[in-house]
Amino acid sequence: MVKAKLSGNDIYNIAESFRKAIIEAKYNREFSSRDRMSNFPGGCCDDSYDLLAYYLHERYNIHTEQVNGVYRDNNPYNTTNHAWLLMNGNLIIDITGDQFKYCAGFSEEVYVGKEIQFYNRLEEKKIYKNHDIEQNERLWNDYQIILSYITERI
């Protein structure tokens with residue numbers, strides 16, 4: 001476990017590496033077609049953040065919380081939930097925001113930073129503790145798959 005203080009850039013690199021590992025595993029069809037991770041980044045942000053939060057905690061002793069909010073605009077078909085991680089109460093870590101590029105114009109594949117307009121627009125925000133993936137066989141298996149693809153540089 002790394003105990004040194006990590007910069008925002010370091011957190012970004014870790015998150016980017018984790019996302020790349022998910023994408024590579026997805027393209028190699030490592031996730032079952034019934035597993036929500038097979039559709040990454042769409043429709044699996046809560047699972048993605050349970051997995052990333054566990055990784056950050058286990059590898060770097062970084063504690064995060066999961067935030068869930070609702071995106072709405074003038075098109076009712078664009079109403080959807082979104083989740084992301086919050087570190088130290090003010091640093092957003094988001095590896096699935098690009099699923100909003102067509103409805104909200106947010107196209108960052110990885111975002112690490114303070115709250116910006118996109119997050120400010122989300123409604124009904126709630127903060128949750130991250131799920132213990134060790135207690136969920138599917139998430140634990142997904143985590144093992146992702147670990148096998150991680151190549152990070154911090």
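The values are calculated or read from the model by the stated rules, or taken from the named source; none is laboratory data. Everything quoted here is computed from the prediction, not taken from an experiment. Here the Cβ is made from the backbone with ideal geometry for all residues, glycine too, and neighbour counts use every protein chain on show. For the accessible areas, the whole protein counts, side chains as well, though only heavy atoms, and no ligand, DNA or RNA atoms are used. Shrake-Rupley method; radii C 1.70, N 1.55, O 1.52, S 1.80 Å.
A few notes on this one:
- Normalised contact order of the chain, rounded percent, pairs of Cα under 8 Å and 6 or more residues apart: 30
- Only helices enter the 222 nm calculation for the chain: every DSSP H run of n ≥ 4 contributes -39,500 (n - 2.57), and dividing by all residues gives -10500 deg cm²/dmol, rounded to 500.
- Whole-percent carbon and sulfur share, accessible surface of the chain, 1.4 Å: 43
- Between the listed residues TYR71, HIS82, SER33, the Cα displaced farthest toward the positive end of the dipole of the stretch 15-154, a dipole computed from Cβ unit charges relative to the Cα centre, is found at TYR71.
- Once the 1.4 Å probe is applied to the protein heavy atoms, the chain comes out at 56 Å² accessible per residue.
- Once Cα extents along the principal axes in Å is calculated for the structure shown, the corresponding label among [x] 40, 29, 29; [y] 47, 46, 27; [z] 44, 37, 27 turns out to be [z].
- Taking label points 7 Å from Cα along the Cα-to-Cβ direction, GLU123 and ASN9 give a separation of 4.0 nm.
- In terms of packing, defined here as the mean over residues of other Cβ atoms within 10 angstrom, the peptides 127-139, 11-23 line up highest first as 11-23, 127-139.
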